[in-house]
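Chemist: Could you have a look at this structure, given as structure tokens, before my questions?
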Amino acid sequence: MVAVIDFTECKASVREAFLAADGPSVIAGFDAILLKPNLVTAQPFPITTSPDFTAATIEAIREHTDAPIVVAEGCGSATQETYEIFAALGYVDMAAEYGVELLDLNHAPLVQKSNPDCSVFPEIWLPEVAFTHCIVSLPVLKAHSLATITGTLKNMMGFPPPAHYQVGGSWKKSAFHGRMHGAIKDLNRYVTPHFTLMDASVGMADYHLGGATCQPPIGKVLAGVDGLEIDRMGAELLGIDWQQVGYLR
């Protein structure tokens, strides 16, 4: 089931979506929780996940568990490091207020995984934390120049380390760009969210790093355990036929 909630006020809407999609049952079996916002660059919401949305998620989760929470990202910026982006977007102050850890996935300890059914990445390096925590993905809904749409499945691109997936001096995850749809599909065979809260309150209509916002704003929060279905619904909210998007098809 995917819960689709009308966005009114951040804390109330996130809490309503979390409960409507049975988030408490999902997190109950885990000893630690990883919140994965989309902080690809230092540009503020709606290009990146706002610290207010992440804080609202922390509050909703803490009503049901005392498990430690880490906010983790591995930015894609060619010129900045993740902790610079955390600071620029208000995540350092938010983390201090809520007593949560910030983690740069680009420099976290790694493990190697393999899956012969994957055509792009039959072997892959990923942070250990991807396999020890409940992953709660917090994407913003946007159109994307290479992936057509970026939502919760593409948000997993914060996990692969630049040490293995940066080609030349370009974007930190640039190894994904040549075969974007197959790469996203393969990545989510290794690491995919256990639960998603998607901020579709505004929506980027044209491009993931700029351009027009959706007019009128979409005004929704999507939540659930099925990341594929959430992204398909997100595509439709952007006016995109999900069957024309490779990794969603």
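Chemist: Any residue at all in the range 68-75 that is over 26 Å from Gly234 (Cβ atoms) and open to solvent by 10 Å² or more (accessible area, probe 1.4 Å)?
Modeler: Filtering the range 68-75 for residues over 26 Å from Gly234 (Cβ atoms) gives 68.
Subset that is open to solvent by 10 Å² or more (accessible area, probe 1.4 Å): 68.
Within the range 68-75 (the criterion being over 26 Å from Gly234 (Cβ atoms) and open to solvent by 10 Å² or more (accessible area, probe 1.4 Å)), the answer is yes, since at least one residue qualifies.
Chemist: Is there any pair with a first residue in the range 52-76 that is at pLDDT below 95 and a second that is basic (Lys, Arg) and buried (at least 20 other Cβ atoms within 10 Å of the Cβ) whose Cβ atoms are under 9 Å apart and which are 6 or more apart or on different chains, and what are they?
Modeler: Listed by first residue and then by second, the contacts come to Gly76/Lys172; Gly76/Lys173.
Chemist: Let me ask something else. Hey, among Gly178, Gly182, Gly168, which residue is more than 17 Å from the chain's Cα centre (by Cα), of a type outside the set (D, E, K, R) and at pLDDT 95 or above? It would help to see each step written out before you state the result.
Modeler: On the way: Gly178 fails: at pLDDT 95 or above; Gly168 fails: at pLDDT 95 or above.
Result: Gly182 is the single residue among Gly178, Gly182, Gly168 that is more than 17 Å from the chain's Cα centre (by Cα), of a type outside the set (D, E, K, R) and at pLDDT 95 or above.
Chemist: What residue, of Ala32, Ala56, Ala42, is at negative phi, out of contact with any Asp or Glu (no Cβ under 8 Å at 6 or more places or on another chain) and surrounded by fewer than 20 Cβ atoms within 10 Å (Cβ to Cβ)?
Modeler: On the way: Ala56 fails: surrounded by fewer than 20 Cβ atoms within 10 Å (Cβ to Cβ); Ala42 fails: out of contact with any Asp or Glu (no Cβ under 8 Å at 6 or more places or on another chain).
The conditions single out Ala32.
Chemist: Can you pull out the residues in the range 182-202 that are out of contact with any Cys (no Cβ under 7 Å at 6 or more places or on another chain), open to solvent by 30 Å² or more (accessible area, probe 1.4 Å) and under 19 Å from Met1 (Cβ atoms)?
Modeler: Thr192
Chemist: Would you pick out the residues in the range 132-162 that are out of contact with any helix residue (DSSP H, G or I) (no Cβ under 7 Å at 6 or more places or on another chain), assigned to a helix (DSSP H, G or I) and open to solvent by 20 Å² or more (accessible area, probe 1.4 Å)?
Modeler: none
Chemist: In the range 8-19, is there at least one residue being within 24 Å of Val191 (Cβ to Cβ), charged (D, E, K, R) and not in a loop (DSSP other than H, G, I, E, B)? Reasoning before the result, please.
Modeler: First, the residues of the range 8-19 that are within 24 Å of Val191 (Cβ to Cβ): 14, 17-18.
Retained after the next criterion (residues that are charged (D, E, K, R)): none.
No, every residue in the range 8-19 fails to be within 24 Å of Val191 (Cβ to Cβ), charged (D, E, K, R) and not in a loop (DSSP other than H, G, I, E, B).
Chemist: Among (1) closer than 21 Å to Leu89 by Cα; (2) outside any strand (DSSP E or B), which single condition is Leu34 missing?
Modeler: (2)
Chemist: Scan Ala223, Ala235 and give me the residue that is open to solvent by less than 10 Å² (accessible area, probe 1.4 Å), among the aliphatic types (A, V, I, L, M), farther than 17 Å from Ala21 by Cα and in contact with a strand residue (DSSP E or B) (Cβ under 6 Å, 6 or more places away or on another chain). Let's see the steps before the verdict.
Modeler: Numbers: Ala223 fails: farther than 17 Å from Ala21 by Cα.
The unique qualifying residue is Ala235.
Chemist: Go through the range 163-181 residue by residue and tally those that are in a helix (DSSP H, G or I) and open to solvent by 30 Å² or more (accessible area, probe 1.4 Å).
Modeler: As a first pass, look at the range 163-181 and keep what is in a helix (DSSP H, G or I): 163-165, 174-176, 180-181.
Subsequent filtering for residues that are open to solvent by 30 Å² or more (accessible area, probe 1.4 Å) retains 163-164, 175, 181.
Matching residues across the range 163-181 total 4.
Chemist: Right, here's the next one. Within the range 89-131, restricting attention to residues that are among the aliphatic types (A, V, I, L, M), assigned to a helix (DSSP H, G or I) and open to solvent by less than 70 Å² (accessible area, probe 1.4 Å), which residue is nearest to Lys185 (Cα to Cα)?
Modeler: Ala130
Chemist: Does Ala28 qualify as being out of contact with any Phe, Trp or Tyr (no Cβ under 8 Å at 6 or more places or on another chain) and hydrophobic (A, V, I, L, M, F, W, C)? If you could, list the steps in order and put the result at the bottom.
Modeler: Values: out of contact with any Phe, Trp or Tyr (no Cβ under 8 Å at 6 or more places or on another chain): yes; hydrophobic (A, V, I, L, M, F, W, C): yes.
In short, yes.
Chemist: While we're looking at this one, here's another question. I'm trying to understand the selection: among the residues of the range 210-238, which are free of Cβ contacts under 8 Å to residues at least 12 places away in the same chain and outside any loop (DSSP other than H, G, I, E, B)?
Modeler: Glu236
Chemist: Within the set of pairs 6+ apart or on separate chains, which have a first residue in the range 188-204 that is at positive phi, a second that is part of a strand (DSSP E or B), and C-beta atoms under 9 Å apart?
Modeler: Listed pairs, sorted by first residue: Gly203/Val140; Gly203/Leu141; Gly203/Lys142; Gly203/Ala143; Gly203/Thr213; Gly203/Lys220.
The values are calculated or read from the model by the stated rules, or taken from the named source; none is laboratory data. As the structure is a prediction and not an experimental result, all values here were calculated from the model. Positions of Cβ are generated from backbone atoms using ideal geometry, with glycine treated the same way; all protein chains shown enter the neighbour counts. All accessible areas refer to the heavy atoms of the entire protein, side chains included, with ligands and DNA or RNA removed. Shrake-Rupley method; radii C 1.70, N 1.55, O 1.52, S 1.80 Å.
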